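S.K.: Here it is: the structure, laid out below.
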Amino acid sequence: MASSSAGNNSQIPRVHHFDLIDGMQLEINISRSAERHNTRIEFKLQNCTRTWILHWGLLFRGNKNWFIAADNSSGGKSYQHGALQSQFMKHGQIHVVIIELRDPNIHAIEFVLKDGPHDRWLKLNHGNFRIEIPASDVPVHHSSTPKEPAEHKAESHWESKGRPVNSPKLQKQGHNNTLREILNRLSKGISLNGDGDPVRGGMQYSYKRKYNVEEWLQKHSGEHPKRSHKSSSALVDLTERFMGGTDLISFQRYFDHNYEVVVFSKIISGDYHIFVAANTKGTTVLHWGVSKSSPCEWLVPPTDIWPENSKQVSGACQSYFIDKFIGNGSFQVIDVNLQKKNFVGIQFVIWTGGVWIKNSGANFFAELKRNNPTERFSQDMKELVIWLLHEIAQKEKEAERSLMHRFNIATELTQRCKSEGGLELIGILVWLRFMAYRHLTWNKNYNVKPREISEAQDRFTCLLQKIYLNQPSDREIVRLIMACVGRGGSGDVGQRIRDEILLIQRNYDCGTGMMEEWHQKLHNNSSPDDIIICEALINYARCGFRINVYWETLNANGLTREKLASYDRPIVSEPHFRSDLRDGLIRNLTAYLKTLKAVHAGVDLESAIDICLGSSFKDGDVENATKHRSAVGLPLNLLESLNFVKAHFGDINIGPLMEKLLESRILLRPVLLTSHGRLKDLLFLDISLDSAVRTTMERGLKNLNFAYIPEALFFFSLMLENLCLSTVNNEDFIYCTKDWYRVCESFKSGDSQWALQTKAMLDRLQLVLAERSQHYQKSIQPSAQYLGKLLGVPKWAIDIFTEELIRSGCSAILSILINRFDPILRKVSNLGSWQVISPVEVSGFVTSVHELMTIQNKVYKRPTVIVASRISGEEEIPDGVVAVLTTDTPDVLSHISIRARNSKVCFATCFDKNTFQDLKSKEGKAISIKIKSTNMVISDIISTFLSYKSIGFRSIPQGVTIKRKTFCGNYAVSVEEFTGEKVGTKSCNIKLLNARLPSWIKIPVSLALSFGSFETALQDKVNKDVADRILSLFQLIDHGDHSKLRAIQEAILKMHAPPSLTNELKHKMRNSRLTWPGDESDKMWSCAWQAIKKVWASKWNERAFLSCQKAKLNHVDICMAILIQEVICGDYAFVIHTKNPISGDSNEIYAEIVKGLGEALVGAYPGRAMTFTAKKTNLKSPTVTGYPSKLTGLYSKKSIIFRSDSNAEDLEGFSGAGIFDSVILDKVDKVVLDYSRDPIIVDKAFQTSLLSRIVEAGKIIEGLFGCPQDIEGVVKAGTIFVVQARPQI
């Protein structure tokens, strides 16, 4: 039982009473300050004899999930990160808990009571107790709301309704409703000056709102049974085995009744062959002709290309199929060798069993035209479904007859390929999107009723609905397809298009001219163009029949006079209406527009809402909606949200509308995962809501004030949540959103550490968006290019196909938000436009490239500044390059970063896109780069002043040599046996550290394969053939053929392990307490041997070979020992440079740390590590200089790693570290990282303690070696492990 009362002062008390068990009573007093929006909740427990605990959480409006207030003032303890627990404290005869809330957006508090000693829970009717937080009562006459605006608003509202005569009671009710509307607008920050501009000073953005987004996780493998680059079948497999060869030109597959026909075009020994195979039996004849200049030709083939057993008949050649038996399978096939003749293909039909096999009643056409080999899409068969794309192209002639034909064909093709999944559905998507953008003909010489079009659409979209429900991994593609087509419908849905236009013509005296021409078009072939025509007529009437408005509306949507005149039923006249019928005409055309949208516009929001909710909710009557709910099967709060969306869709203040759009999608989501009777309509509704989020955000961008950070946080939350709901395999977006909630909760104005964390989170989000874009480009663009070329789509439309698809989603808007917000964050966090990784002052000529990888082997003849958009971190810096500037974000300790510093090359990341674009525009010009503090100053210079001498252009150090090593007589050596003659610096340093480090710093168990082990094993008799092969390949390389480097690596991987090597390694590993892989299985030893060979083979990777060449080193002298260590499966991995490599400060330690294995840090995985520094005089106070943005962490079970340890590791002037490979025995798992609860981010005490111990370990190791060190290590359960150390170069 609860009761409440209100006072007249600024405090508004509320009192609630509950009778509990055993005579206990709970009294709750709530008071809220109207001035400061603070809320005080006092819980009083009477008649209790034991210790009770309040288990509680807070709610935002529209969110069922509990959250914890950031400013917890109750002293409550966090319980499993999802609730707080506060113990009742005794005060006299009662027990009390007091909670202070400062967030005005909190809607309610929920709680249960826990009996501490007995661990039992006390609930309210098996659920939570819930107390809503009352808002301040607003009096009717508000001081900031003058009476005049209310009267004016009421007068305008009365006039807009036609000045109805109402009773005094209704007039008063209308006036009060208008006044409430004004108060509501003011409370939302909207002024009353008529333009609705936001008043941000009064706007409250609920940027701390959040949902349990992990419930929205969609993680699907996307694998479909027996998926391949073409639709596979027994016939396809048998034909491929029969043909052999690899040079496929095209592949097609057809079905006619029970017959399957496959056609391959291939090149064999330079000749063009067409193989036609079928699952026929008995006598089967190919009736065929050749096409010389176009696919439409049928010419008698010359006799020299006839297959055996052929004859000429009237105008054609007839050739008999032959029977083939392969294994247990049989089929019939014929091989037509067109030699090198200039044909584009052949046309044919097949005769068997007294029937003709045809291609949907037409001839088959086998294309021979070879694609341009420079177009990558034509060769990337993995990203294409050739048979489907060719079949679409062949059926296009039929599809262009009408939309009914097109959708019937789409249904047939989709039905056939739906189980194959993604790539096949992408083909359907590309085809229909080309159609939707008018690159294909909608109707041609065919009359069809609107009802028939609507029913064809209905069949197709119902099929898509089934795929959506049954194939979760394909949902994203299904949504994209549905966005291209209308909803359609059976029954009278389409028929109303014909009936209602006749009523308009009759009622408004417009039965001739343009309206009759339009009627004829609608009668014979309605299309989405009719929506545009109807909107143009409505605008024409609304503006007082100004004909220019009619044409402006049409032209803005791609309809010109020529297009209207090109219809089978042309529209050539201009509209004319009676002015006295204007108002009624507008009403009826508006209603007719809804009918057109119901059929042709699947993603029109208003139409989608009306269809889902039915007429009972159109006027916003929630009571009627409740009655209707049982039929629709939708929750009432969803109906209320949708009603709000309809009523406020044009609001200038987009905040409340955006919240309701998202709330609607969230409430709709569970329904979309069930076999709902109206799933198709609900899908269209969700797609419409998704689209509305994008268009609303686009519309509101110009009014957003990113300098007011709460506003930016609020809209970022909405856009992130929307992407989570729309994306399949959305784990990255889910964790980005969780991390975003964390930064929202911790927001403090002007806090530089908060700004650094927020920037890192947005950097990560940019990487996710970029990866998503690349995935679309890789999976969709090849089909767009291949099919677009077959259909004759304009090249410009093909080239931008995927780019426009991406722009039509919310990712593009989110990217804009990031770009707008980034300068604000950089300013707050005191970051300039540059991060200087290698601070060197240089001058050179600007050369812009997209990827540094593409030019890493080039030699520049003059000092060059490379401006590169993409850098992985693994590249070599080309000779002649004095600076590399990029927008990418490689780690400061990545391979390229170290190379740049060692080679005295300027290397920096630019955070300002305008600055970077300006740099790219300086192509070919000379610039100078000066370092100013941590920023850079770039200026133009006169190129004649440039010379190698004047800029100190780098040269190769003289006298650098590699000391060749010899085999010591033992393959395996223990750590106690490590010496510089047996193993590399990496292993020797481990021996020293193992002996001298304090006990709190651990070293993993280690041993090694010695220098010369590879060469000795290669000379063993079991590897004679491999040795001969490598020798012959090396001679080719020695003569300049670097393409054979890969072949040498492949040859090394074929080596066999000499028995003596196997026995020695087994003995040493067991003595060293390392698990011998062969104990688990012979397969595991085979994997270990393969890993060893991969390390040896890495001597011959291109980067290592070219690095030696540049340094004038003899590559043959490199010897490879292998350090073998247990893998520490830690929580974090780190790299320390005991001399700050950026500033050059020897008194400051610089370090980077990532979650999981260190390969994510040193292996150039996307994103940045967490970075921090510490003065050697104050190790207890490390400073975080950057927060992590790595997308993935690497994790492994207990395993072994084989590390390269060459004699070229740490030469003066040349570092071999990082250019050779290290290989983990067991598979490494990639895990999408969740930073939102990571203690190194959220727990300041934990962070400081851990980072302090890491830098302390670094200082100790530097002291042992007496010079700056480059150290790699791991943190496991708080323990520090060092896995290697070497001199910092």
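The values are calculated or read from the model by the stated rules, or taken from the named source; none is laboratory data. If you're wondering where the values come from, they're calculated on a predicted model, not measured in any experiment. Cβ placement follows ideal geometry from the backbone for every residue including glycine, while neighbour counts extend to all protein chains displayed. Remember, those area values only see protein heavy atoms, side chains included, never the ligands or the DNA or RNA. Shrake-Rupley method; radii C 1.70, N 1.55, O 1.52, S 1.80 Å.
S.K.: Do we have any residue at all in the stretch 199-221 that's touching a Leu at 6+ places or on another chain (Cβ under 6 Å), modelled with pLDDT of 80 or more and among the charged types (D, E, K, R)?
M.R.: no
For every residue, the table says whether it meets (1) out of contact with any Phe, Trp or Tyr (no Cβ under 6 Å at 6 or more places or on another chain); (2) open to solvent by 40 Å² or more (accessible area, probe 1.4 Å); (3) in contact (Cβ under 8 Å) with a residue 60 or more places away in the chain; (4) of a type in the set (Asp, Glu).
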| position | (1), (2), (3), (4) |
| --- | --- |
| Leu1123 | yes, no, yes, no |
| Phe1134 | yes, no, yes, no |
| Gly1156 | no, no, yes, no |
| Leu1161 | yes, no, yes, no |
| Thr1171 | yes, no, yes, no |
| Asn1178 | yes, yes, no, no |
| Thr1192 | yes, no, no, no |
| Ile1201 | yes, no, yes, no |
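S.K.: Report the residue count in the stretch 979-1025 for those that are part of a loop (DSSP other than H, G, I, E, B) and surrounded by fewer than 24 Cβ atoms within 10 Å (Cβ to Cβ).
M.R.: So the answer is 13.
S.K.: Tell me, which residue of the stretch 28-40 that is surrounded by 16 or more Cβ atoms within 10 Å (Cβ to Cβ) and either at pLDDT 90 or above or of a type in the set (D, E, K, R) (or both) is nearest to His95 (Cα to Cα)?
M.R.: Ile28
S.K.: Looking at this structure, is Val884 in a strand (DSSP E or B), free of Cβ contacts under 8 Å to residues at least 12 places away in the same chain and either of a type outside the set (Asp, Glu) or surrounded by fewer than 20 Cβ atoms within 10 Å (Cβ to Cβ) (or both)?
M.R.: no
S.K.: Given the criteria surrounded by fewer than 17 Cβ atoms within 10 Å (Cβ to Cβ) and modelled with pLDDT under 90, does Arg826 qualify?
M.R.: So Arg826 does not fit the description; no.
S.K.: Looking only at the stretch 329-357, filter to residues that are open to solvent by 10 Å² or more (accessible area, probe 1.4 Å) and in contact with an Asp or Glu (Cβ under 6 Å, 6 or more places away or on another chain); which one of those is farthest from Trp288 (Cα to Cα)?
M.R.: It comes out as Gln339.
S.K.: Continuing with the same structure: Take Glu367 and decide whether it is in contact with a helix residue (DSSP H, G or I) (Cβ under 6 Å, 6 or more places away or on another chain), acidic (Asp, Glu), at pLDDT below 90 and buried (at least 20 other Cβ atoms within 10 Å of the Cβ).
M.R.: no
For (1) of a type in the set (A, V, I, L, M, F, W, C); (2) closer than 25 Å to Asp103 by Cα; (3) touching a Ser or Thr at 6+ places or on another chain (Cβ under 8 Å), each residue gets a yes or a no:
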position: Ile687; (1), (2), (3): yes, no, no
position: Leu704; (1), (2), (3): yes, yes, no
position: Asn730; (1), (2), (3): no, no, no
position: Thr737; (1), (2), (3): no, yes, yes
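S.K.: Among the strands (runs of 3 or more DSSP E) lying completely within the stretch 268-341, list those that include at least 1 residues that are β-branched (Val, Ile, Thr) and under 19 Å from Trp356 (Cβ atoms).
M.R.: In the stretch 268-341, 271-278, 284-291, 310-313, 329-339 are the strands (runs of 3 or more DSSP E) which contain 1 or more residues that are β-branched (Val, Ile, Thr) and under 19 Å from Trp356 (Cβ atoms).
S.K.: Let me ask something else about it. Among (1) in contact with a Lys or Arg (Cβ under 6 Å, 6 or more places away or on another chain); (2) assigned to a helix (DSSP H, G or I), there is one condition Ile877 misses while meeting the rest; what is its number?
M.R.: With respect to (1) in contact with a Lys or Arg (Cβ under 6 Å, 6 or more places away or on another chain); (2) assigned to a helix (DSSP H, G or I), Ile877 is out only on (2).
S.K.: Identify the residue in the stretch 1210-1222 that is buried (at least 21 other Cβ atoms within 10 Å of the Cβ) and touching a Lys or Arg at 6+ places or on another chain (Cβ under 6 Å) and, among all such residues, is modelled with the highest pLDDT.
M.R.: Restricting to residues being buried (at least 21 other Cβ atoms within 10 Å of the Cβ) and touching a Lys or Arg at 6+ places or on another chain (Cβ under 6 Å), the top hit is Ser1222.
S.K.: When both residues are 6+ apart or on different chains and their Cβ atoms are under 6 Å apart, which pairs have a first residue that lies in the stretch 268-292 and is under 15 Å from Asp256 (Cβ atoms), and a second that is among the acidic types (Asp, Glu)?
M.R.: So the pair list comes out as Asn279/Glu260.
S.K.: Can you tell which of Ala598, Ala541 is touching a Lys or Arg at 6+ places or on another chain (Cβ under 8 Å), touching a residue at least 12 places away in the same chain (Cβ under 8 Å) and either of a type in the set (Val, Ile, Thr) or more than 30 Å from Ala456 (Cα to Cα) (or both)?
M.R.: Residue meeting the stated conditions: Ala541.
S.K.: Filter the stretch 415-440 for residues that are at pLDDT 90 or above and over 24 Å from the mean Cα position of the chain (by Cα); which is farthest from Pro794 (Cα to Cα)?
M.R.: Checking each candidate, the answer is Met435.
S.K.: A further question on this structure: Pairs needed: first member in the stretch 805-819, in contact (Cβ under 8 Å) with a residue 24 or more places away in the chain; second member anywhere, open to solvent by 30 Å² or more (accessible area, probe 1.4 Å) and in a helix (DSSP H, G or I); C-beta distance under 6 Å; at least 6 residues apart or different chains.
M.R.: Close Cβ pairs (under 6 Å, with a partner that is open to solvent by 30 Å² or more (accessible area, probe 1.4 Å) and in a helix (DSSP H, G or I)) amount to Ile806/Ser773; Ile806/Tyr776; Cys810/Arg694; Ile813/Arg694; Ile818/Gln766.
S.K.: I'd like to verify a number: residues in the stretch 1063-1078 that are surrounded by fewer than 17 Cβ atoms within 10 Å (Cβ to Cβ) and in a helix (DSSP H, G or I), how many?
M.R.: Adding up the residues that qualify gives 5.
S.K.: Do the conditions hold for Gln415, that is, is it open to solvent by 60 Å² or more (accessible area, probe 1.4 Å), assigned to a helix (DSSP H, G or I) and not aliphatic (A, V, I, L, M)?
M.R.: Here the answer is yes, as Gln415 does meet what is asked.
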